[in-house]
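Notes follow once the structure below has been shown.
The values are calculated or read from the model by the stated rules, or taken from the named source; none is laboratory data. Everything numeric here is computed off the predicted structure, so don't read it as measured data. Neighbour counts are summed over all protein chains in view; Cβ atoms, including those assigned to glycine, are modelled from backbone coordinates with ideal geometry. Side chains are part of the model used for accessible areas, which takes the heavy atoms of the whole protein and leaves out ligands, DNA and RNA. Shrake-Rupley method; radii C 1.70, N 1.55, O 1.52, S 1.80 Å.
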Amino acid sequence: MVPLENYLVLSAIIFSLGVYGVLARRNAVLVLMSIELMLNAVSLNFIAFAAYLDPGKITGAIFAVFVITVAAAEVGLALAIVIRLFRNRATSNVDEAAIMKW
């Protein structure tokens, strides 16, 4: 059996890559992909802790499904905003979104 620490280190690496992507990227699509990485790291933690603490229950998988559902809704809404930004400004740069006015 793989120790819990290995899952936690992997999750920390994935989460750190997501944080770096959110902070360093200017393209809105890449920022969304980085947010998805962070949510996947959280899902991995839920499943790892659930399997480690009580292998008979599927509570970690249930929480992971909820995280995936929230991530899908977030991506749907965010992509609609990115498409509107691209149509208005002809760019998907997130710095342009900060100067949008009526």
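Structure values in brief
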{"item": "Solvent exposure ordering (accessible area, 1.4 Å, most first) of TYR7, TYR52", "result": "TYR52, TYR7"}
{"item": "Pair SER16, LEU77: separation of 7 Å Cα→Cβ label points (nm)", "result": "3.1 nm"}
{"item": "Within the accessible area of the chain (1.4 Å probe), percent carbon and sulfur", "result": "71 percent"}
{"item": "C-alpha long axis of helix 28-53 to longest principal axis of the chain, angle in °", "result": "10 degrees"}
{"item": "Per residue, in Å², the accessible surface of the chain once ligands and nucleic acids are set aside, probe 1.4 Å", "result": "72 Å²"}
